[in-house]
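Notes follow once the structure below has been shown.
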Protein chains: 6
Amino acid sequence: MVYLTRKAEFSASHFYHNPEFTPEENKRIFGKCNNPHGHGHNYTLEVTVKGQVDQRSGFVVDLKELKEIMNREVIEAVDHRFLNKEVAEFHERIPTTENLAITIWTWLKPKLNVAQLHRIRVYETPDLFVDYYGEA
Amino acid sequence: MVYLTRKAEFSASHFYHNPEFTPEENKRIFGKCNNPHGHGHNYTLEVTVKGQVDQRSGFVVDLKELKEIMNREVIEAVDHRFLNKEVAEFHERIPTTENLAITIWTWLKPKLNVAQLHRIRVYETPDLFVDYYGEA
Amino acid sequence: MVYLTRKAEFSASHFYHNPEFTPEENKRIFGKCNNPHGHGHNYTLEVTVKGQVDQRSGFVVDLKELKEIMNREVIEAVDHRFLNKEVAEFHERIPTTENLAITIWTWLKPKLNVAQLHRIRVYETPDLFVDYYGEA
Amino acid sequence: MVYLTRKAEFSASHFYHNPEFTPEENKRIFGKCNNPHGHGHNYTLEVTVKGQVDQRSGFVVDLKELKEIMNREVIEAVDHRFLNKEVAEFHERIPTTENLAITIWTWLKPKLNVAQLHRIRVYETPDLFVDYYGEA
Amino acid sequence: MVYLTRKAEFSASHFYHNPEFTPEENKRIFGKCNNPHGHGHNYTLEVTVKGQVDQRSGFVVDLKELKEIMNREVIEAVDHRFLNKEVAEFHERIPTTENLAITIWTWLKPKLNVAQLHRIRVYETPDLFVDYYGEA
Amino acid sequence: MVYLTRKAEFSASHFYHNPEFTPEENKRIFGKCNNPHGHGHNYTLEVTVKGQVDQRSGFVVDLKELKEIMNREVIEAVDHRFLNKEVAEFHERIPTTENLAITIWTWLKPKLNVAQLHRIRVYETPDLFVDYYGEA
């Protein structure tokens, strides 16, 4: 049983706002991130899959296939996008790093057949990242 | 004569659009960056100053002062901002990395008294950066 | 359940010495780290907390609050300090990376109320780090 | 119980080929990595050991000893080598990152006496790495 | 006048050998790099161009075009290759980092029309790099 | 003419204090760095040499020789040292990053025969570095 991790980058913008909060609450809780014009990040995504090594190929997963799935299911949806306005999952949910990690898990989980999805890690900046293992 | 460089980070969003171009030209020249909703980056700014080392302090520049100037003149203006809409210099000029470097030079140049501004470097991503030395 | 990690840096000096060892043992076991003048590092601290995502904020923890706690409980105690002489916990205990990680856990654990402390990681250099999960 | 990780680098070349595959299968499955002349990487190895902290030294493991074991058992065997031709374990097995991680585990496991081997991580590039915990 | 730098990565293998040297000279001068099986690296290439910023686009160079030229003229020639055997320029010349930088300059110089090639930087490892400015 | 740069790391401690300043001046000018117990850093040193490429070896400089000179002349003098107390050059001069870069230049300049010393870069942290080219 080995765990293989592949990274990818995307650039996106977002802002944090809960319409059920008062303006003061939005300001206090979200600070500069409450700016409705949005601001952005170079996100780094790490996708970790686990499984047995195929003795014939030496692979736990076909890397070209994994890369294609990551591009098709994640990068095309979020890269160079304003997450709040252009990604359906974030029309209502706030696009925090936490919610991004969970959303990317739900996108990738049903598409990975050979190896098992183990962890989604999303870096918002080099100093802040979130891990999600599909745990309730 | 030594050269001292200090880094700082900011997160901002932008898009590329020239109203004098046709929609097709904007799409062809700017590609995904033409999306009017904007997208964003974690920018890294490097400010390099040069000068003689003060024999009493061992410093070419007071680092606390340099940091304050960088925060006040640059970071407060661009961090967590949509550059096209919220920074006056980019209402007309396209906020490319090239123009960002030149703009930051014009902001910092008159504020640095002790040491001389030598270079502005702006990383849009870890794989793309622009240097400006104030050369015409 | 998500895991959020925030990094911080501090610069400190230390040396390794056990008064119960002979000078030869101290030299053999600690090598260059036995120099009583001390030497130093740019340490990187990673604090990981875990918990449920608050549906109203999208956060597992208030980041500003986490940053304040990390600064107040850890960074102020160790940054720009000689650990052996200026931090009470290391008057007797040797300030190895292992003991730094355990000590920082004991400082932060009682201060984190909302989210649960999951892991302390301390990098002494980019090539050496220690993880502590509060396990006996 | 703490976990200590030490990194090391090595440069090696390899190629992927299974003589039981047809040339077309080798090409389709391994792509550019099927080139029999080989190509190479700067690999990064992370070795993680776990154990109790020795109260006298503050160490979970003697770092000089760990470094010597890593150099003797791993780096000398693979650094500046063509893995397929010069490392016995890869005369038959394909030197994928997965198989490298497993092989390094089998080399180090019997040599580490004081602390327990916990994880082998091998980076083939900064964007691709494999973890192995000795799990069947 | 601004300077724009774009990075790219490639993986290749090589070895150092001069047929005019005796075996002892080859061993003494090239050490482990003299192994004829080759070994490899993840090289990082930085291409810097300079020029005036086009006022209509805000660009010093069309980034998509620069990326295409770098891929077509450099990456396709060297990525996943054994440089000594598969790249004509290194059948006779030793593929040191110095010679790689000079060779890449000669490949790119005639292909860059709009902006002027300023510098080629090649990292063999994160700790070793060579710069070439086309100076005799 | 090519420029080759090699990096090395060292860990050292230091503090900033000018006996001709009043305690208040020392505190105001040097802040936390005035702590006489010292604090420390993982310094990164970059040594750049320039010269013609030797056609027989493909080298601008013998890398093993350069590494030996850097270790003997610089690393052994400063690694795991308290710069103010243990390095003669800093008994009087304040060991700022500026002065470190100049001092390392004076150590290396007379020892490099084949290639010419071009630049000394010293990183005190990843966010702060000084360049010295031997300019008066």
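The values are calculated or read from the model by the stated rules, or taken from the named source; none is laboratory data. In this text the structure is predicted, and so the values were computed from the model without any measurement. Positions of Cβ are backbone-derived with ideal geometry, glycine not excepted, and every protein chain shown enters the neighbour counts. Side chains are part of the model used for accessible areas, which takes the heavy atoms of the whole protein and leaves out ligands, DNA and RNA. Shrake-Rupley method; radii C 1.70, N 1.55, O 1.52, S 1.80 Å.
Of note:
- 1.4 Å probe accessible area per residue over chain A, in Å²: 42 Å²
- Counting only Cβ charges, +1 for Lys and Arg and -1 for Asp and Glu, the dipole size of the stretch E:1-97 around its Cα centre is about 260 debye.
- Summarising the label geometry, the points placed 7 Å from Cα in the beta-carbon direction at B:K64 and C:E68 lie 2.4 nm from one another.
- With a 10 Å cut-off around each Cβ of B:15-22, the average count of Cβ atoms from other chains is 2.
- Taking amide hydrogens as placed 1.01 Å from N in the peptide plane, the amide H of E:N42 sits under 5 Å from those of D:N42, each at least 5 positions away in sequence or on another chain.
- Mean-square fluctuations from a GNM of chain B, with a 10 angstrom spring cutoff on Cα atoms, peak among B:G31, B:G40, B:G51 at B:G31.
- Couplings for the stretch E:63-71, taken from phi via the Karplus curve 6.51 cos²θ - 1.76 cosθ + 1.60 with θ = phi - 60°, read 5, 5, 5, 4, 4, 4, 5, 4, 5 Hz in order; Gly and Pro are left as x.
- Count Lys and Arg as plus one, Asp and Glu as minus one, and take only other residues whose Cβ is under 12 Å from that of F:T106; the net charge is then +1.
- When the residues D:H14, E:H80 are ordered by accessible surface, computed with a 1.4 Å probe over the protein chains alone, the sequence from largest down reads E:H80, D:H14.
- Among A:I104, A:S57, A:H91 - extreme Cα towards positive end, dipole of the stretch A:1-128, charges at beta-carbon: A:S57
- Packing order of peptides D:88-95, B:97-104, highest average first: B:97-104, D:88-95 (average count of other Cβ atoms within 10 Å over each peptide's residues).
- In sequence order, calculated HN-Hα J values of the stretch D:72-83 (Karplus, 6.51, -1.76, 1.60; Hz; x Gly/Pro): 6, 8, 10, 4, 4, 7, 10, 6, 6, 10, 8, 4
- Rolling a 1.4 Å probe over the protein heavy atoms of the stretch D:16-136, with every protein chain left in place, gives an accessible area that is 50 percent carbon and sulfur.
- Plainly put, the tip 7 Å out from Cα toward Cβ on B:D62 is 3.5, 5.0, 5.0, 5.2, 6.4 nm from that tip on each other copy, the closest given first.
- Backbone HN-Hα couplings from phi across the stretch F:17-26 [Karplus 6.51/-1.76/1.60, Hz, Gly and Pro as x]: 7, 10, x, 7, 7, 6, x, 5, 5, 4
- Peptide E:95-104 shows a mean partner chain C-beta count of 4 within 10 Å per residue C-beta.
- Members of A:K32/C:K50; A:K111/E:K7; B:K50/F:K111; B:K64/F:K109 lying beyond 29 Å, as alpha-carbon distances in this model show: A:K111/E:K7; B:K64/F:K109
- Partner shielding of B:32-39 amounts to 6, given as the average count of beta-carbon atoms from other chains within 10 Å of each residue beta-carbon.
- Interface size C-F, as summed buried accessible area [1.4 Å probe, Å², nearest 100]: 1600 Å²
- Estimated FRET transfer efficiency when R0 is 45 angstrom, pair D:R28-A:K85 (beta carbons, to 0.05): 0.65
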